[in-house]
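Visitor: Next up is a structure, given as C-alpha cells.
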Amino acid sequence: MSNQNTLVTAWSSRPQPVGESRWRFRPPAEWPDDDLIATGGDLDPATLVAAYRLGVFPMEPSGLRVIGWWSPDPRGILPLDKLRVSRSLRQSSRRYEVRVDTRFPDVIRACADPSRPSGWITEAFIDAYTKLHRLGWAHSVEVFDREGTLAGGLYGVRINGLFAGESMFAIKRDASKVALLGLVDLMRASGMTLLDVQWSTAHLQSLGAIEVTRDEYRALLAAALETAVTSSA
C-alpha cells in the first residue's frame with residue numbers, strides 16, 4: 001500500500017467552480033417512492049454536482065436511451081469504521097500499490113467494459129465524468145501489481161466529506177477490494193464521513209455495507225457536505 005500522506009496530497013487541490021445547472025430537481029418531499037426519481041436533463045458538470053449534493057446520481061434505465069436520476073430507498077452506504085478486512089485481503093494488499101488520480105480515463109473505461117454484466121457506462125458518461133475529473137470533482141483509486149500493471153480500481157465523486165462511489169473493476173484477484181481498502185483509509189485520513197455505494201449488493205454487504213432509508217441517507221449527506229475535511233471542496 002502507498003503512504004497515506006502521499007495519497008491525501010494526490011487529491012489535495014480544490015475543485016474548480018462549475019456554476020449552476022440549467023435544470024432543477026423537484027424538492028425531495030415531491031420525489032416518488034421509486035428509486036428512479038426523474039429522467040432527462042444533461043450530464044454537464046453543474047448538473048452532476050448539483051445532483052450529488054441532493055443525494056441523486058445518474059444512470060440510464062435498462063432499455064431506455066435517456067438519463068435516469070436515482071435516489072435508492074433503501075440506500076447502500078459503507079460505514080468507514082465497519083469495513084471488513086480479512087487476513088487474506090491484508091495479505092493481498094501487500095502485493096499491490098495504491099495510487100490516486102493517475103489513470104482516471106483507464107479506470108472508468110475498465111469499469112465500462114461492455115462484456116461486464118449489466119453494463120451501463122456509455123461514452124457519454126465516460127466523457128462527462130472525465131471532464132468532472134479534470135475539474136477536480138471525480139477521482140479514481142488505482143491498484144497496480146508489482147510489475148506496474150493496472151490490476152484494478154474504482155472511481156467516484158468527492159464533495160467535502162462525501163465520496164459517492166460509482167463503479168469498480170478488478171483484473172487480478174482482490175484488486176478492487178484493495179482499491180476500496182485504500183479509499184476507506186484515505187477517507188479516514190482526510191476526515192471524510194460518508195461513503196455512498198448506491199445499492200447494497202451481497203458482495204458489498206460482505207465487506208461491511210449496510211442499508212439506510214432515503215431520509216437517513218439525506219441526513220448523513222447533509223452532515224458530510226458540511227464537514228470540513230483535508231482539502232475540502
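The values are calculated or read from the model by the stated rules, or taken from the named source; none is laboratory data. From a predicted model like this one, the values you see are computed outputs, not experimental measurements. Neighbour counts are summed over all protein chains in view; Cβ atoms, including those assigned to glycine, are modelled from backbone coordinates with ideal geometry.
Visitor: Scan the range 108-119 and give yes if some residue there is more than 25 Å from V66 (Cβ to Cβ), surrounded by 12 or more Cβ atoms within 10 Å (Cβ to Cβ) and among the charged types (D, E, K, R), otherwise no.
Guide: Within the range 108-119, none of the residues are more than 25 Å from V66 (Cβ to Cβ), surrounded by 12 or more Cβ atoms within 10 Å (Cβ to Cβ) and among the charged types (D, E, K, R).
Visitor: Here is a further query. Could you tell me how many of the residues in the range 36-52 are of a type outside the set (V, I, T) and in contact (Cβ under 8 Å) with a residue 60 or more places away in the chain? Give the derivation first.
Guide: Here is the first cut: in the range 36-52, the ones of a type outside the set (V, I, T) are 36, 38, 40-46, 48, 50-52.
From what's left, in contact (Cβ under 8 Å) with a residue 60 or more places away in the chain: 43-45, 48, 52.
Adding up the residues that qualify gives 5.
Visitor: Sticking with this structure for a sec: Let me confirm something: among R65, R99, R95, which residue is touching a residue at least 40 places away in the same chain (Cβ under 8 Å), surrounded by fewer than 18 Cβ atoms within 10 Å (Cβ to Cβ) and not in a helix (DSSP H, G or I)? Spell out how you get there, then give the answer.
Guide: Numbers: R65 fails: touching a residue at least 40 places away in the same chain (Cβ under 8 Å); R99 fails: surrounded by fewer than 18 Cβ atoms within 10 Å (Cβ to Cβ).
The match here is R95.
Visitor: Got at least one residue in the range 138-154 being surrounded by 17 or more Cβ atoms within 10 Å (Cβ to Cβ) and at pLDDT below 95?
Guide: Step one: filter the range 138-154 for residues surrounded by 17 or more Cβ atoms within 10 Å (Cβ to Cβ), giving 138-144, 150-154.
Of the ones still in play, those that are also at pLDDT below 95 are none.
No: the range 138-154 contains no residue that is surrounded by 17 or more Cβ atoms within 10 Å (Cβ to Cβ) and at pLDDT below 95.
Visitor: For E60, which of the numbered conditions (1) exposed (fewer than 11 other Cβ atoms within 10 Å of the Cβ); (2) among the charged types (D, E, K, R); (3) at pLDDT below 95 fails to hold?
Guide: (1)
Visitor: How many of the residues making up the range 13-35 are touching a residue at least 60 places away in the same chain (Cβ under 8 Å), assigned to a helix (DSSP H, G or I) and small (G, A, S)?
Guide: Looking only at that region, the number is 0.
Visitor: Would you mind stating whether V66 is over 13 Å from K177 (Cα atoms) and over 18 Å from the mean Cα position of the chain (by Cα)?
Guide: On the way: over 13 Å from K177 (Cα atoms): yes; over 18 Å from the mean Cα position of the chain (by Cα): yes.
The answer is yes for V66.
Visitor: Would you mind finding the one in L195, L183 that is aliphatic (A, V, I, L, M), within 28 Å of D34 (Cβ to Cβ) and modelled with pLDDT of 95 or more?
Guide: Answer to the selection: L195.
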